[in-house]
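Quick note: the coordinates plus some simple rules give every number you see, no bench work behind them. Quick caveat, the model's predicted, so the values are computed rather than measured. FYI the Cβ positions are ideal-geometry reconstructions off the backbone, even for glycines, and counts take in every protein chain you see.
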Amino acid sequence: MTTADRNGEDSLHERINIRGELERIHATNAERDRRISEAFEYQENKLDQALIRLNERFEAQEKALSAARVADEKALAAALLAAEKAVQAALAAQKESAAAAVTSAQAAVDKAEQAQLRVNMTQNEFRGTLADQNATVERTMMPRAETELLIKDLRGRIDVLSGTRRQGVSSFAGALAVGASLLIALVSIVVSIAIASS
């Protein structure tokens, strides 16, 4: 064998080795691609399952939220209805209370008017009684001017009696007469006052 043959054979072996190496690399690459593809499919399946779970969870939460919203709306409607009924009941009670207060106030005014009427009647009776007494007093009692004149006259007589007392026994009789006049005047005043007070 010649060197050229050996070189050709080496070259052939090298080509075969390179081809074998290439086939091995190609097989390794194919295996790696298959594994990557399987891993990608696995991850894609996991993502799809996660998306499905997320969608299911989202739909469940959306349903729960809708149900809660409906329940809240029902509760709010019921509360508003109850509040409206309470306000209407309070207004009705207030109207009844106001009507009762007006009725009570009117009754009190009527009673006060009746009481005032009775007081006025009593006062009118009292005034009538006073007028009757005044008329009786005017008829039976001596007027003030006459009483003052009588008292002035009596004082003058007393003065005269005082002066005559000094004159002696004759003046005693005059004093006695003045005293009797004074006593008569006093008795008539007392009698007129007693008649007026009865």
_Radius 13 Å from Cβ of Lys63, net charge of other residues (Lys, Arg +1; Asp, Glu -1)_ = -1
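Could you calculate the contour length gain from Ala131 to Asp33, that is, 0.36 nm times the residue separation minus the distance between their Cα atoms, to one decimal place in nm? Let's see the in-between values first.
On the way: separation 98, 0.36 × 98 = 35.28 nm, distance 14.07 nm.
Separation in residues times 0.36 nm, less the Cα-Cα distance, equals 21.2 nm.
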*Taking a cut-off of 25 Å between Cα atoms, list the lysines near Lys111, but don't count ones fewer than 8 places away on the same chain.*
Lys95
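If you take the Cα Rg of region 37-114 and divide it by 2.2 N^0.38 Å, with N the number of residues, what do you get?
Details: Rg = 33.0 Å, N = 78, 2.2 N^0.38 = 11.5 Å.
Here the answer is 2.86, to two decimals.
Once you list every other residue whose beta carbon is under 12 Å from the beta carbon of Arg53, what net charge do they have if Lys and Arg are +1 and Asp and Glu are -1? Can you show the working numbers first?
Values: positive: Lys46, Arg57; negative: Asp48, Glu56, Glu59.
That sum, taken over residues with Cβ under 12 Å, equals -1.
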